[in-house]
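The values are calculated or read from the model by the stated rules, or taken from the named source; none is laboratory data. Remember, it's a predicted structure, so these values are computed and weren't measured experimentally. Cβ sites come from the backbone with ideal geometry, for glycine too, and all protein chains shown count toward neighbours.
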């Protein structure tokens, strides 16, 4: 069984910010979880390097667009490993292999009768690289995302016959109600389709920074169609995983994509244009598109052009990558908008990571060392706690299958809190002092150690570095999801461990 997850490819007109980190972290959590299931996983991210926003940014700096693309693509490449992201490939849309696939697929769309010449006139946002419908224009003739005044553009183009797919797209949404999630975004996309689809430009005549149109050298492909095809093109030339013969085209193994993760500002392109384009090229559609919300600061989406961004590199240096991963998927329900701030980071870090999980790990291992010199006895687990853990693995899997990453994390965290209550209820320090209670103490300690191990396996996709460190200390490094069952990984001996989440936040990033 395979699982193929993608992030959007990120524009290289400026450096990465926390919004980019958010999607990459979410995709990584899903990829890691499915690897725990023993599935063949492929995780794709990369950069979108053509189009007017990139050309304009390069012009403002007095450098060629390719130079800007090369410079900022490296910054996005550097972001992924600092986040702990385990992407299998990083695609750049200036890769010649990608450009060749774009030309091949879009030529096929033309041969199938879905491309024609015409003249387009409409209101255009150069930062979105998008023509706006009347319903998408804010007061003052402004872009609702970038708040800049739109320009009136008229241009000779080749058009994509989007209107030809009106009925097929409506039928798609009726037959596959899980094609787009959450439901509010499904409804939004379906409403756009039912309002009546109009043909859209496939090429640009006035722009030169793009993939050349093979049948007309005076045109380049509209950046959105070039960009969307990265999800498909990457599989034809990405290095094969170790389990696959070198040089093998991965398309037949991994397409269609299991999940495209996107933000809501690019919903129309992914939920309407993308499936129509694939239909026109006779390529199978992806299984799911999940649309997450915005990270907000002072009520606005974080955006390079608006200047209200948090530098993820600085956040990681202070809090550590695990803390950033946890915060973004714990504090902001995945699929909704949510406000972020340094103070909120600090609160989550201290109250939950340090005081709840970190303290639980320290107390459990500390008591094993103090009362049993690290040894964990055999025997049955406490049935009271077994009941609280029943069905946890299945529930977490079910949530992640629907990209409900915050809900899955909450299920796990409820058990972290349950274990902290269990420590207080059983009071091992009192059992250790009472004559004849040695077996009771052994049962409590082995139940705590085993439950902590099971929870940590489930937390690994969210907190990979901390989870691996804790499992190593418990002498149970197995990360497979079978080990998430209580009692599946009996622990023989624990070793001391440094604080997982020091309360000195500066030390947390060291």
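Observations on the structure shown:
- Exclusive hit being touching a helix residue (DSSP H, G or I) at 6+ places or on another chain (Cβ under 6 Å) and buried (at least 20 other Cβ atoms within 10 Å of the Cβ), set 403, 408, 321: 408
- Any pair with Cβ under 6 angstrom, 6 or more apart, that starts in segment 127-148 at a residue that is under 19 Å from residue 296 (Cβ atoms) and outside the structural domain of residue 293 (by TED's automatic domain parsing) and ends at one that is modelled with pLDDT of 70 or more and in a loop (DSSP other than H, G, I, E, B): none
- Against the numbered list (1) touching a helix residue (DSSP H, G or I) at 6+ places or on another chain (Cβ under 8 Å); (2) closer than 24 Å to residue 348 by Cβ, residue 385 comes up short only at (2).
- Filtered by the rule that a residue be buried (at least 21 other Cβ atoms within 10 Å of the Cβ), closer than 22 Å to residue 241 by Cα and either free of Cβ contacts under 8 Å to residues at least 60 places away in the same chain or not assigned by TED's automatic domain parsing to the domain that holds residue 262 (or both), segment 42-80 gives 43, 45, 47, 80.
- Taking segment 188-268 and the helices (runs of 4 or more DSSP H) fully enclosed by it, the elements with 3 or more residues that are in contact with a strand residue (DSSP E or B) (Cβ under 6 Å, 6 or more places away or on another chain) and in contact (Cβ under 8 Å) with a residue 12 or more places away in the chain are at 230-237.
- Qualifying positions in segment 159-177 - outside any helix (DSSP H, G or I) and in contact with a helix residue (DSSP H, G or I) (Cβ under 8 Å, 6 or more places away or on another chain): 160, 161, 177
- Residue in segment 423-430 that is touching a residue at least 12 places away in the same chain (Cβ under 8 Å) and exposed (fewer than 15 other Cβ atoms within 10 Å of the Cβ) present: yes
- Verdict on residue 343 being under 26 Å from residue 451 (Cβ atoms) and without any contact (Cβ under 8 Å) to a residue 60 or more places away in the chain: no
- Of the strands (runs of 3 or more DSSP E) contained entirely in segment 87-139, those carrying at least 2 residues that are at pLDDT below 95 and loosely packed, with under 13 Cβ neighbours inside 10 Å fall at 115-125.
- If you go through segment 327-341 and keep only what is within 12 Å of residue 297 (Cα to Cα) and in contact with a helix residue (DSSP H, G or I) (Cβ under 9 Å, 6 or more places away or on another chain), you end up with 337, 338, 339, 340.
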